[in-house]
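Scroll down for the structure; my scribbles are underneath it.
Computed from the coordinates by the stated procedures, all read-outs in this text should not be read as laboratory data. Only a predicted model underlies this, so the values are computations on that prediction, with no experimental measurement involved. FYI the Cβ positions are ideal-geometry reconstructions off the backbone, even for glycines, and counts take in every protein chain you see.
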Amino acid sequence: MTDWDHSTDFLVVGSGAGVTGAIRARALGKDVLVVEKTDRFGGSTCMSGGVMWLPDNPLMRREGVPDSADAALRYFATVVGDAGPASSPARRQAYVRAGSEMVDFLESEGLELRRCEGYSDYYSGVRGCEGGSARGRSVEAKVFDKKQLGAWQDRIRPGFAGGLAVYTGEASRLTLMRTRVGLTVLARAGLRTSLGRIRGQRLVTNGVALSARLLQILLRQDATIWLDSALTDLVVEDGRVVGAVVHRGGRDLRIRARDGVLLAAGGFARNKEMRERHAGGRPTSDRWTSANPGDTGEVIRIAMAHGAATDMLDEAWWMPSWIMPDGTPNMCMSERTRPGSIIVDAEGRRYFNEAVAYQEAGQQMYARDRELGGAVPSWLVVDSRHRGHYPFGMSPPGRTPKEWITSGAMKRADSLEDLAGQCGIDAGGLLKTVERFNTFAARGVDEDFHRGEGDHERFYGDPTHAPNPCLGPVSKPPFYAVALYPGDIGTSGGILCDELARVLDTEGNPVDGLYATGNCTASVMGRKYLGAGASIAASAVFGHVAANHASAAEREPGADIAD
């Protein structure tokens, strides 16, 4: 028998959205221990928009937004298709069903959520895709005062919004600073922020608000949370995972987990060796990632050492990014969807719809590079009208930091020929591409790649621009360009699980006592990103599912108890 340093019912490894599993287990009367290897709570969730994509959720029903499980599953089928066991019919059904149940449960525990009205599914309105919601299935946490966390308020990972209390669902309109809708959102966010400061509050939104609210529930439940505590191994007895070894305070502690262990950690975006091993010969770099610093892959390797099966290790949540003068990647989202922009390869040719979902954009870059070369990096080219009307990175419209140009991070030229020369792009190819593109822009119809047809594409476009909110000519000098790389916000392949969040071994059998969710797993979304917050939602939902199964009273080994 093992000598234990600490005992609990349910051990959760990682402090992102998967801690919903800890919350659920605690509500079911179980002792819970959450271990986080870094010195901050929240993981990648804190660094995200904090949105969760949850079909047919209770907020939609309360507001009369039409949806159904059947529509969501049809959307899965027509967008994701057959992506293997990670996105099996049973996993998809469990995700849709349990997601709605999870929202009811979390709201009963005090989590306050709001709908992201208009934040449409990423493939809604796209040719060949059915079941998408134009009004959106995403929800996010309401603004939160970190002071409510007491001593924990500075132990949560910082987000990306700085001091402005702006919702993720507002962000695309906020960037339209020179329009009425943009100014309205800016005023609303500014008033929210100012009132909070006047009241002495420390308001947060986005992923920090979601993580802070989940942490608040855990603290209220009197759950045990250890920071600076890294998983180093699992403990197995008679074929069952009965605990884990956790390094804390300079010691290896053996933790007994009577009901099970839930791996809810990140992937391996920050692990150079693992990235290169699973890249399949594609160009890759850990310098291109914007993932959580703790995304280093050891949890996946530990699970594999104990027989866990894996899938889609070559996949990630791709996010086209350009490299700032200080070497950090800057995620490129609205810049490539707004009028006056195109993306080309080294030959100066467009090769995909620039406004597609970010994961698919990265996949398109890799596919082009594999087929013809010259697409990693690609080049985002914009004209001065784009630069004058829309933000670029964190720079407001009309202001291009001098350092961007002098460092070479951004190229600027008075003609497209000169710009091509600076970028190493074929000038003739670029001129021909822009000429054809500009005819599309004038008519508002992209005959080559259908840019601006999808609801999500238009959501990130400019609604004041006609006839197509995503199409405008690249014609007004000076012109600007940045090199785009297939950056990412985390990997999306990993441990293979079933519909009960049980880890599967290489023979396809559940590993008794071991569950997993989040970016350390092969995603139920397959190789697509279905809507805003798809990864965070899946992490939360399968954490909830795992707790239900592990906590079921008198559970026989291998019993399929989902609720």
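If both residues of a DSSP beta bridge must be in the chain, then about 70% of such bridges are antiparallel.
Straight-line reach from LYS432: taking Cα to Cα under 24 Å and skipping same-chain neighbours fewer than 8 places apart, the lysines in range are LYS411, LYS476.
Computed from Cα atoms, the angle from the helix 206-220 axis to the main principal axis of the chain rounds to 10 degrees. How big is the gap, in Å, between the Cα center of region 220-257 and the Cα center of region 133-164? The distance from the Cα centre of region 220-257 to that of region 133-164 comes to 28 Å.
Extension gain for the segment ARG188 to SER407, taken as residue separation times 0.36 nm less the Cα-Cα distance, is 75.2 nm to one decimal. Along the axis of the charge dipole computed for the chain (Cβ charges of +1 for Lys and Arg, -1 for Asp and Glu, origin at the Cα centre), the listed residues CYS497, GLY327, THR20 are led at the positive end by GLY327.
From a point 7 Å beyond the Cα of GLN153 in the direction of its Cβ, which residues of region 9-25 have a backbone N at a distance under 15 Å? Those under the cut-off are none; the list is empty. FRET efficiency for the pair GLU130 and GLU101, taken as 1/(1 + (r/R0)^6) with r the Cβ-Cβ distance and R0 = 25 Å, rounds to 0.50.
Each Lys and Arg Cβ is given +1 and each Asp and Glu Cβ -1; about its Cα centre, region 201-300 then shows a dipole of about 320 debye.
Our estimate of slack between ARG199 and GLN93, defined as 0.36 nm per intervening residue step minus the Cα-Cα distance, is 33.7 nm.
For the chain, the longest principal axis of the Cα atoms and the long axis of helix 534-551 meet at an angle of about 10 degrees.
The charge dipole of the chain, taken about the Cα centre with unit charges on the Cβ atoms of Lys, Arg (+1) and Asp, Glu (-1), comes to about 2200 debye, rounded to the nearest 20.
Along the chain, the longest continuous region that contains none of the GluC sites (Glu not before Pro) in a DSSP loop with at most 15 other C-beta atoms within 10 Å is 131-446.
Entry note, the chain: the mean residue ellipticity at 222 nm calculated from DSSP H runs of n ≥ 4, each adding -39500 (n - 2.57), is -9000 deg cm²/dmol after division by the residues and rounding to the nearest 500.
For LYS272, go through the aspartates and glutamates and keep the ones whose alpha-carbon is under 16 Å away, minus same-chain ones fewer than eight residues off. In chain and number order, the partners are ASP286, ASP295, GLU298, ASP314, GLU315, ASP488. If the chain linking PHE160 and ARG258 were pulled fully straight, counting 0.36 nm for each residue of separation and taking away their Cα-Cα distance, it would gain 31.5 nm.
Counting beta carbons within 10 Å around each of SER15, SER88 and listing the fewest first gives the order SER88, SER15. Residues within the reach of a label modelled at ALA427 (point 7 angstrom out along Cα to beta-carbon, backbone nitrogen below 12 Å), restricted to region 340-362: there are none. Computed about its Cα centre, the charge dipole of region 320-486 is approximately 380 debye, with only Lys, Arg, Asp and Glu carrying charge at their Cβ. Sorted ascending by nearby beta carbons within 10 Å, beginning with the fewest, LEU514, LEU234, LEU73 become LEU73, LEU234, LEU514. With the simple spin-label model, which puts each label point 7 Å out from Cα in the Cβ direction, the ASP326 to ALA305 separation comes to 3.6 nm. Ranked for footprinting exposure by Cβ neighbours inside 10 Å, fewest first, SER551, SER407 give SER407, SER551. Considering the dipole of the chain built from charges on the beta carbon (Lys and Arg +1, Asp and Glu -1) around the Cα centre, which of ASN519, SER551, MET177 is farthest to its positive end? Farthest towards the positive pole: MET177.
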